[in-house]
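What follows is one structure encoded as structure tokens, with my remarks underneath.
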Amino acid sequence: MLKDVQSFFADEIERHGYDRKSFEFEKNSDDSAKVYLLEGETTDKYYQSSAKSKVMKEISRHFNAKNNILFIIVDKSHEVKPNETRKTYAETERNITAKIKRLNTTLDRIAFRLQGSDFRQQGGEIVLNKSLDSYSKDVIILKFANTFGLNRDYRNPSYLMSYSDQSKHLSKSSAAWLNKCKFFNHVENYFDNKTEIGKLSRSRRIARFKVEDADGVSQVRLIVKPSNEKPPAVFQWKSDPSENQSVWKRKFHGSHGVLHDFITLNGEKKATIELDYPTHTDIPFEILVIDELGNRVSKFTKKRRNLLTLYLQRILN
């Protein structure tokens, strides 16, 4: 599976005109993937809920994900015991949706409080809560792409990050991002000069701010959480249009960061960035920067609108 995922990224990066490259994974002497087996500290039932947080708490004692990505498969039972209360799929979905909305509300509040702060993004983890054969290669690729720093991208249904049935390829901007990604360049010594992201200002429909990094700026992205009621044209979670819109409102409306605009630079150490200003969101949005050495930095900012503007927008909507 890992070799298939490796090949996908290498093929796509090469297709966009960059040198063929992909991530590496730890191997045994026979070139097979090196696998570590950790036994859970308690019973199988304990991991049935909130598995990721419980598993990561134990794994973090043994492995450091600071400059690595941990690929974790949680081999736990999914059998419902006879004496346990069975919930219908609809009930489970409603409960999960409610939890996601509460979590997103909390995250938005945190983002608002932390606006103006810069965050370094380094390693990460990919956690599969079922056996590996329960996942298709396409799903695994998406999980890796997300961990490498790529965002949902609804500009074209053929783009991998559109999450549509037609998503088969990396966009040019995603290939450029991964071309600089640390995990694709086998970095042994990590250097990271501070990235300065200036205060965002607006001129008509342009978001303008300054970026400075002694390592050179490779790409800048503006990420939003869409608040539009109708899903983007390429959003294809369900085949039926009405059902698709219902799913969008319940699960995705304002819940996921989406690529709104970007600019790929040529290693400039200082640049004034102008991107399309998002008009379809009222919640904090995010600026992402990757430098020439693959270091990633994010910064939350907040749109400011007066009450009259909000009132007029509601009338127009």
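The values are calculated or read from the model by the stated rules, or taken from the named source; none is laboratory data. Nothing here was measured: the structure is a model prediction, and the numbers come from that model. Virtual Cβ from ideal backbone geometry, glycine too; neighbours counted across all protein chains shown.
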Regarding segment 206-222, can at least one residue be identified that is part of a loop (DSSP other than H, G, I, E, B), buried (at least 18 other Cβ atoms within 10 Å of the Cβ) and of a type outside the set (Gly, Ala, Ser)?
no
Somewhere in segment 60-79, is a residue modelled with pLDDT under 85, surrounded by 13 or more Cβ atoms within 10 Å (Cβ to Cβ) and more than 20 Å from Tyr135 (Cβ to Cβ)?
yes
Any chance segment 193-203 includes a residue that's loosely packed, with under 14 Cβ neighbours inside 10 Å and either assigned to a helix (DSSP H, G or I) or not charged (D, E, K, R) (or both)?
yes
So, in segment 226-277, how many residues would count as being part of a strand (DSSP E or B) and buried (at least 16 other Cβ atoms within 10 Å of the Cβ)?
10
Whichever residue in segment 150-172 is surrounded by fewer than 21 Cβ atoms within 10 Å (Cβ to Cβ) and among the small types (Gly, Ala, Ser) and, among such residues, is nearest to Lys230 (Cα to Cα):
Ser164
List, please: which pairs have Cβ atoms under 9 Å, are six or more places apart or on different chains, and start with a residue in segment 196-212 that is among the aromatic types (Phe, Trp, Tyr) and end with one that is at pLDDT 90 or above?
Phe209/Ile197; Phe209/Val220; Phe209/Thr272; Phe209/Ile273; Phe209/Glu274; Phe209/Leu275; Phe209/Ile287
If you go through segment 149-165 one residue at a time, do you hit one that is in contact with a helix residue (DSSP H, G or I) (Cβ under 6 Å, 6 or more places away or on another chain), assigned to a loop (DSSP other than H, G, I, E, B), modelled with pLDDT of 75 or more and among the charged types (D, E, K, R)?
yes
Can you confirm whether Val5 is within 17 Å of Lys130 (Cα to Cα) and either in contact with an Asp or Glu (Cβ under 9 Å, 6 or more places away or on another chain) or modelled with pLDDT of 70 or more (or both)?
no
